[in-house]
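Engineer: This structure is in structure tokens; I'll ask about it shortly.
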Amino acid sequence: MSKHILLGVSGGIAAYKSCELVRLLVKAGHDVSVVMTAAATEFVSPTTFQALSGHPVLLDTHDGVQGNGMAHINLTRAADVMLIAPATANTLAKLAYGFADNLLTNLAAARACPLAVAPAMNVQMWANPANQRNITQLQQDGVAVLGPGYGAQACGEVGAGRMLEAADLADLVPDLWTPKRLAGKRVLITAGATFEAIDPVRGITNISSGRMGLALARACRAAGARVNLIYGQVQASIPPHLAHVEQAESAEAMYAAVHRLVADQDVFIAVAAVADYKVHNVSEHKIKKEDSASVPVIELVENPDILASVTALPKPPFCVGFAAESHDVLAYARVKRVKKKVPLLVANSVAQAMGKPTNQVVLITADAEIVLPELSKDETAMAIVAQLADMLG
Ligand code: CTP
């Protein structure tokens with residue numbers, strides 16, 4: 001869904017990352033307007049932001065671009081959200097106290113849309129009690145504070161204060177306009193392909209990219225849930241700001257991780273493509289051609305069914321399952337929903353879903369079958385979350 005984002009850039013070296021952020025937001029289909037403080041223009045030229053956003057960059061309250069001379073009002077009325085990235089300690093202090101001494105702070109004060117800030121400063125400046133007071137004040141005022149990240153800083157020191165990476169900020173921005181339909185819910189998700197070792201270098205896996213599970217983690221987080229993600233092999237980045245993230249390669253490791261966490265979860269969504277069988281005769285050493293007189297035989301034994309084991313618990317969370325089928329998708333999926341005792345099952349065809357950027361699914365419940373069109377995996381995940389929220393009431 002395309003939105004109008006007002007990006008405020010204040011004067012910090014992280015302003016260079018905001019160029020990439022604009023590019024990512026525009027690529028995601030959003031309309032981005034950039035407002036810079038005078039200090040920000042010392043780090044990045046307004047021309048760079050103009051080229052990336054496709055709009056003139058606004059610099060101060062007396063900028064003549066706005067016909068009625070009220071840029072500070074007009075710009076936020078058109079915006080769905082305002083994000084300040086980087087937000088320096090100085091700009092955060094002004095925001096906390098309601099100062100309005102440049103176009104950016106005027107806009108923040110006069111806004112009629114949600115405000116988010118991405119702090120960027122030295123580790124000591126971040127820890128400074130005055131700054132911490134300002135951050136607490138802003139949070140109490142309903143401002144979303146994104147980050148900061150932890151790591152090496154431009155000044156050479158290491159610690160908290162780095163601005164989040166552009167990709168992480170672009171991932172988090174849609175949370176700002178997403179209704180919090182899962183607020184307060186704890187959601188456990190499995191994602192990706194499991195890997196069953198044959199020997200130290202070889203194994204059995206499958207073509208799942210993990211994108212559907214990661215999209216669901218992102219959609220649940222955006223809807224206000226506390227997300228715990230357990231993933232196998234994935235070919236996409238793990239969404240930022242999840243409550244707990246853990247890799248579990250084999251089906252057995254994933255089973256153990258799920259059962260360690262599941263007791264206090266409200267929802268369990270099993271998206272992982274879990275191997276039904278593991279290798280019984282795993283070789284401690286790499287299998288060598290010259291060591292075997294004939295072709296080696298791999299003996300398989302059945303893995304535990306993670307989803308079925310969770311629905312069999314005395315007090316299971318609300319469970320959502322997936323069915324990946326190569327043929328007769330609906331017929332198999334209907335049976336799977338009943339057999340695995342899940343109130344909501346997402347049916348998809350292997351050819352349309354696995355390893356692909358889009359998906360076409362059918363949501364199957366006890367009394368309805370909702371056919372969704374072909375959508376991106378993020379859009380499909382949002383539709384699943386909407387259905388989940390309806391069912392949770
Ligand atoms: N699942 C699981 N543990 C397993 C196998 C599957 O938790 N050992 C979960 C999947 O995450 C998915 C659902 O069960 O939510 C169905 O998975 P799918 O691979 O479609 O079906 P299977 O149960 O493996 O059955 P089959 O391979 O016979 O289709």
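Engineer: Looking at 364, 306, 370, which one is near the ligand (Cβ under 9 Å from one of its atoms) and among the β-branched types (Val, Ile, Thr)?
Structural biologist: 306
Engineer: Failed condition for residue 297, given (1) more than 8 Å from the ligand (Cβ to nearest atom); (2) crowded, with 17+ Cβ neighbours inside 10 Å, with all others met?
Structural biologist: The one condition residue 297 does not meet is (2).
Engineer: For segment 1-35, give me each residue that is assigned to a helix (DSSP H, G or I), open to solvent by less than 10 Å² (accessible area, probe 1.4 Å) and aliphatic (A, V, I, L, M).
Structural biologist: Listed by number, the residues that qualify are 15, 21, 22, 25.
Engineer: So which pairs qualify, if the first residue must be in segment 369-380 and free of Cβ contacts under 8 Å to residues at least 12 places away in the same chain and over 13 Å from residue 218 (Cα atoms), the second must be β-branched (Val, Ile, Thr) and open to solvent by less than 40 Å² (accessible area, probe 1.4 Å), the Cβ gap must be under 6 Å, and the two must be at least 6 apart or on different chains?
Structural biologist: Between residues of segment 369-380 that are free of Cβ contacts under 8 Å to residues at least 12 places away in the same chain and over 13 Å from residue 218 (Cα atoms) and residues that are β-branched (Val, Ile, Thr) and open to solvent by less than 40 Å² (accessible area, probe 1.4 Å), the close pairs are 371/362.
Engineer: When you go through 142, 156 one by one, which is the residue that is at pLDDT 95 or above, at positive phi and surrounded by fewer than 17 Cβ atoms within 10 Å (Cβ to Cβ)?
Structural biologist: Being at pLDDT 95 or above, at positive phi and surrounded by fewer than 17 Cβ atoms within 10 Å (Cβ to Cβ) holds for just one of 142, 156, which is 142.
Table: residues versus (1) closer than 22 Å to residue 392 by Cβ; (2) modelled with pLDDT of 95 or more; (3) away from the ligand (no atom under 14 Å from the Cβ).
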residue	(1), (2), (3)
235	no, yes, yes
262	yes, yes, no
273	no, yes, no
290	no, no, yes
312	yes, yes, no
316	yes, yes, no
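Engineer: With (1) over 30 Å from residue 186 (Cα atoms); (2) near the ligand (Cβ under 10 Å from one of its atoms); (3) free of Cβ contacts under 8 Å to residues at least 24 places away in the same chain; (4) not aromatic (Phe, Trp, Tyr) as the list, and residue 335 as the residue in question, which single condition is left unmet?
Structural biologist: Of the numbered conditions (1) over 30 Å from residue 186 (Cα atoms); (2) near the ligand (Cβ under 10 Å from one of its atoms); (3) free of Cβ contacts under 8 Å to residues at least 24 places away in the same chain; (4) not aromatic (Phe, Trp, Tyr), the odd one out for residue 335 is (1).
Quick grid of which residues meet (1) within 21 Å of residue 28 (Cα to Cα); (2) more than 21 Å from the chain's Cα centre (by Cα); (3) buried (at least 16 other Cβ atoms within 10 Å of the Cβ):
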residue	(1), (2), (3)
163	yes, no, yes
172	yes, no, yes
186	no, no, yes
189	no, no, yes
193	no, no, yes
198	no, yes, yes
203	no, yes, yes
207	no, yes, no
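Engineer: Further, regarding this structure: Quick one: residue 135 ticks every box in (1) open to solvent by 30 Å² or more (accessible area, probe 1.4 Å); (2) among the hydrophobic types (A, V, I, L, M, F, W, C); (3) closer than 24 Å to residue 96 by Cα bar one, so which box is it?
Structural biologist: Every condition holds for residue 135 apart from (1).
Engineer: Additional query: Note down all Cβ pairs under 8 Å where the first residue falls in segment 256-272 and is not assigned by TED's automatic domain parsing to the domain that holds residue 325, the second is modelled with pLDDT of 95 or more, and they're at least six residues apart or on different chains.
Structural biologist: Once the first residue is not assigned by TED's automatic domain parsing to the domain that holds residue 325 and sits in segment 256-272, no partner that is modelled with pLDDT of 95 or more comes close enough.
Engineer: Which of the residues spanning segment 237-260 are under 17 Å from residue 172 (Cα atoms) and either within 16 Å of the ligand (Cβ to nearest atom) or of a type outside the set (S, T, N, Q) (or both)?
Structural biologist: Looking only at segment 237-260, we keep the residues that are under 17 Å from residue 172 (Cα atoms), and these are 237-245.
Scanning segment 237-260 gives 238, 239, 240, 241, 242, 243, 244, 245.
The values are calculated or read from the model by the stated rules, or taken from the named source; none is laboratory data. All values reported here derive from a predicted model rather than from experimental measurement. All Cβ positions, even for glycine, are placed from backbone atoms using ideal geometry, and neighbour counts span all protein chains on display. Ligands, DNA and RNA are excluded from the accessible area calculation, which covers all protein heavy atoms including side chains. Shrake-Rupley method; radii C 1.70, N 1.55, O 1.52, S 1.80 Å.
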